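As structure tokens, the structure follows; a few thoughts come after it.
The values are calculated or read from the model by the stated rules, or taken from the named source; none is laboratory data. Computed from a predicted model, the values in this text were never measured in an experiment. A quick note on method: Cβ atoms are made from the backbone with ideal geometry, for glycine too, and the neighbour counts reach across all protein chains shown. Note: accessible area is taken over every heavy atom of the protein model, side chains too, but ligands, DNA and RNA are not part of it. Shrake-Rupley method; radii C 1.70, N 1.55, O 1.52, S 1.80 Å.
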Amino acid sequence: MANPSLLILAGDGIGPEVMTEVKKIIGWLGTKRGIAFDVEEGLVGGCSYDAHGTPLTDATMERAQAVDAVLLGAVGGPKYDDLDFSVKPERGLLRLRKEMDLYANLRPAQCFDALADFSSLKKDVVAGLDIMIVRELTSGVYFGEPRGIFTEGNERVGINTQRYTESEIARVARSAFELARKRGGKVCSMEKANVMESGILWREVTQKVRDEEYPDVALTHMYADAGAMQLTRWPKQFDVIVTDNLFGDLLSDLAAMLTGSLGMLPSASLGAPMANGRPKALYEPVHGSAPDIAGQGKANPIACILSFAMALRYSFDMGAEADRLEQAVETVLAQGVRTADLMGPEGGTPVSTAEMGARIVAALDASL
Ligand code: IPM
Ligand code: MG
């Protein structure tokens with residue numbers, strides 16, 4: 001059988017630095033576990049704009065469609081702030097999501113024991129937190145038409161459209177229910193059915209899918225604003241949260257911050273199964289390109305490494321290897337090894353991006 005294939009798009013800012021550490025893990029799997037990947041690399045975001053005048057070339061898009069999984073670092077930076085909207089770095093990422101039809105964005109918010117003191121919330125509110133936000137990723141106000149800036153009379157008007165079809169809602173709801181079955185068996189769906197028709201439809205369809213296909217999963221509904229409040233009040237009440245593209249963008253940042261560090265959280269964006277049975281998939285850290293610390297060895301590579309663990313689990317059915325990698329991260333954190341973002345009052349061993357990667361590889365070695 002052919003090796004599983006990966007396309008690495010490290011992107012901008014700290015993207016290349018954190019991805020270098022993921023490559024160490026990929027190398028380790030090859031030499032120590034006999035698991036070889038066919039790895040190719042490409043450009044996305046600002047670096048692609050610099051080289052080709054577009055944040056994603058058609059050739060790279062084609063490769064993304066062809067491989068088993070895409071690993072992405074981060075895109076964007078102040079250098080690109082003044083670019084025309086159509087060629088901004090983010091457009092490259094949005095094109096990948098849309099054309100690969102990656103409709104289910106899985107964003108776990110997990111509090112690592114060693115970091116519970118790091119949260120802005122009290123320790124007992126966040127210790128042991130483990131929730132999964134499933135964000136719809138290919139529709140809603142991010143992509144709805146009409147959109148644009150138009151002139152009406154003597155002033156301009158900016159328009160975006162929130163739009164969801166029943167099938168778009170149903171398929172992401174199914175992703176959430178499937179995940180809940182393997183976790184705590186609970187889904188909370190968030191929308192604004194009190195003010196938006198798309199929210200009314202969202203509520204109806206998620207309930208119908210649950211009643212007809214997942215009667216064993218408990219489903220509750222919450223207005224998204226109340227959901228934000230409940231997430232900060234008592235986040236452990238949630239297991240899986242399913243929500244639309246824009247609310248998911250906001251709520252997942254909120255949930256990420258609860259856990260203590262944005263630098264720790266991975267994500268998976270999944271679409272329909274390909275001919276080989278694997279889902280179309282892109283894996284990326286939740287954090288951004290952090291241009292302020294780029295190139296200084298300060299970035300935390302853990303979110304990107306844990307994104308690769310998600311790839312092992314969801315694309316390659318290598319759950320045991322994913323567990324081993326996640327365990328190695330926990331071990332290193334428990335040893336007090338800390339990148340700059342994780343340095344708190346209690347101290348620890350300060351390490352660079354590369355050193356953190358090396359420590360995780362050492363913990364992997366020790367696990368054999
Ligand atoms: C995210 C980011 C993106 C989004 C940006 C970079 C386009 O905030 O993945 O959450 O808004 O979806
Ligand atoms: Mg976001």
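Helix-only estimate, please: 222 nm mean residue ellipticity of the chain, summing -39500 (n - 2.57) across DSSP H runs of length 4 or more and dividing by its residues, to the nearest 500.
-13000 deg cm²/dmol
Straight distance only, please: which lysines reach the Cα of Lys98 with their own Cα at less than 18 Å, same-chain residues fewer than 8 apart left out?
Excluding near neighbours in sequence, the set is Lys88, Lys280.
Which chymotrypsin sites (Phe, Trp or Tyr not before Pro) in the range 271-354 sit in a loop by DSSP (not H, G, I, E or B) and have at most 13 other Cβ atoms within 10 Å of their own Cβ?
Listed in order of number, the matching sites amount to none.
What three numbers, in Å, describe the spread of the alpha carbons of the range 2-150 along their principal axes, ordered from the longest?
That works out to 50, 44, 29 Å along the principal axes.
Roughly speaking, what is the stretch gain from Glu166 to Glu40, that is 0.36 nm per residue apart minus the C-alpha to C-alpha distance, in nm to one decimal?
Gain in length upon complete extension: 41.7 nm.
At 1.4 Å probe radius, can you tell me the per residue accessible area of the range 97-202 in Å²?
In whole numbers, the range 97-202 has 47 Å² accessible per residue.
Kindly state, to the nearest 0.05, the FRET efficiency for Asp130 paired with Ala226, given R0 = 25 Å and r defined as their beta-carbon distance.
0.70
Among Ser267, Ser120, Ser5, what's the order by accessible area (1.4 angstrom probe), most exposed first?
Ser120, Ser5, Ser267
Mind running the shape call on the range 72-200? Use the C-alpha gyration tensor, a ≥ b ≥ c as the square roots of the eigenvalues: rounded below 1.5 for a/c, prolate if a/b tops b/c, oblate otherwise.
It comes out prolate by the Cα gyration axes.
With a 1.4 Å probe and every protein chain kept in, tell me what percent of the accessible surface of the range 286-368 is carbon plus sulfur.
Carbon-and-sulfur percentage of accessible area, whole number: 53.
Please report how far the C-alpha centroid of the range 250-283 lies from that of the range 141-202, rounded to the nearest whole angstrom.
Centre-to-centre distance over Cα atoms comes out at 18 Å.
What's the local net charge at Val125, with K and R +1, D and E -1, over the other residues with C-beta under 15 Å away?
Combined, the nearby Lys, Arg, Asp and Glu give 0.
For Asp244, Asp124, write out the residues from largest to smallest accessible area, computed with a 1.4 angstrom probe and no ligands counted.
Most to least solvent-accessible, the answer reads Asp124, Asp244.
Where a Cα-Cα gap under 24 Å defines reach, which lysines qualify for Lys298, not counting those fewer than 8 residues away within the same chain?
Within reach: Lys23, Lys24, Lys79.
For a quick size check, give me the Cα extents of the range 243-287 along its three principal axes, largest first, whole Å.
39, 22, 12
What value in Å³ per residue do you get for the convex hull of the alpha-carbon atoms in the chain?
152 Å³
Once you have the Cα-Cα distance between Asp365 and Ala340, take 0.36 nm times their residue separation minus that, and quote the gain in nm to one decimal.
Here the segment from Asp365 to Ala340 would lengthen by 6.5 nm.
Using a 1.4 angstrom probe and counting only protein chains, how large is the accessible area of Trp234 in Å², to 10?
Surface open to solvent at Trp234 totals about 100 Å².
Might you work out the accessible area of Arg163 for me, using a 1.4 Å probe with all protein chains in place, and round it to the nearest 10 Å²?
We get 130 Å² for Arg163.
Can you list the HN-Hα couplings for the range 148-165, worked out from phi with the Karplus curve (6.51, -1.76, 1.60; θ = phi - 60°), rounded to whole Hz and with x for Gly and Pro?
x, 10, 10, 9, 10, x, 9, 9, 9, 9, x, 10, 10, 10, 8, 9, 9, 8
If I compute solvent accessible area with a 1.4 Å probe over the protein chains, what percent of it on the range 130-258 is carbon and sulfur?
Answer for the range 130-258: carbon and sulfur cover 53 percent of the accessible area.
Using 1/(1 + (r/R0)^6) with R0 = 45 angstrom and r between the beta carbons of Glu355 and Asp253, what's the FRET efficiency to the nearest 0.05?
Calculated value: 0.95.
From the phi angles alone, apply the Karplus equation (6.51, -1.76, 1.60; θ = phi - 60°) to the range 105-120 and give each ³J(HN,Hα) in whole Hz, x where the residue is Gly or Pro.
The phi angles translate into 9, 9, 10, x, 10, 10, 9, 6, 3, 5, 10, 4, 6, 7, 5, 6 Hz.
What shape does the range 130-258 take by its C-alpha gyration tensor, where a ≥ b ≥ c are the square roots of the eigenvalues and a/c under 1.5 counts as rounded, a/b above b/c as prolate, and the rest as oblate?
Verdict is prolate for the range 130-258.
List residues of the range 291-316, by number, whose backbone nitrogen lies under 18 Å from a label position 7 Å along Cα→C-beta of Ala2.
315-316
If you average over every viewing direction, what projected area does the convex hull of the Cα atoms of the range 258-368 give, in nm²?
Mean orientational projected area (the range 258-368, Cα hull): 8.1 nm².
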